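Peer 1: Sending over a structure as structure tokens; questions will come in a sec.
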Amino acid sequence: MNPWQLNPFQIVLLLLIAGLLAGGVLALLKGWLRRRDAILWLLVWTAGAIAVVRPDVTSVIADLLGIGRGADLVFYCAIPILSFGIWMLYIRLRRVRREITLLVRQMAILEGELSARGDAGSRSQGPSPRGPSAP
């Protein structure tokens, strides 16, 4: 079979990878992704495209590493990469939650201080425009 003759599954995967590459470039241009991260993803998607177009390459690399099949190599590489990605998302989620907690706490303190100042000022100057304050 001609190595450049692709089956429908390979074509669909290549279109998906092309979309992911385009999304990465767009994210880089909009500033949503750092240059270092964009390069990393470019390398990952390029390796994926090579593996889709030339699956025999993974078999050759697997053979060099003493792994039986190229599919096993892809699987063995994917598990730690996915685990690391999930762990990084968890860390980021925890940080965002902490930042939200601190922000809400700071807003509540500021609102309490403003309310206390407003109550003190309204007692000396008469009723506030919001209506009578509770005792």
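Peer 1: Using Cα atoms only, what is the angle between the long axis of helix 55-65 and the major principal axis of the chain, expressed in degrees (0 to 90) to the nearest 10?
Peer 2: Between the helix axis and the principal axis of the chain, the angle is about 90 degrees.
Peer 1: Over the chain, what is the relative contact order in percent, taking alpha-carbon pairs closer than 8 angstrom and at least six residues apart?
Peer 2: Over the chain, the number comes to 13 percent.
Peer 1: Another one. Using only Cα atoms and rounding to the nearest 10 degrees, what angle (0 to 90) does helix 35-53 make with the longest principal axis of the chain?
Peer 2: 30
Peer 1: Also, I was wondering about something else. Which net charge results when you count Lys and Arg as +1 and Asp and Glu as -1 among the other residues whose beta-carbon is under 15 Å from that of residue 5?
Peer 2: It works out to a net charge of 0.
Peer 1: Considering the dipole of the chain built from charges on the beta carbon (Lys and Arg +1, Asp and Glu -1) around the Cα centre, which of 47, 10, 100 is farthest to its positive end?
Peer 2: With unit charges placed on the Cβ atoms, the residue in question is 100.
Peer 1: Any chance you could give the angle, 0 to 90 degrees and rounded to 10, that helix 70-125 forms with the longest Cα principal axis of the chain?
Peer 2: Between helix and principal axis, roughly 10 degrees.
Values quoted throughout were computed directly from the atomic coordinates according to the rules given, and no laboratory measurement underlies them. Everything quoted here is computed from the prediction, not taken from an experiment. With ideal geometry, Cβ positions are generated from the backbone for all residues, glycine too; neighbour counts draw on all protein chains shown.
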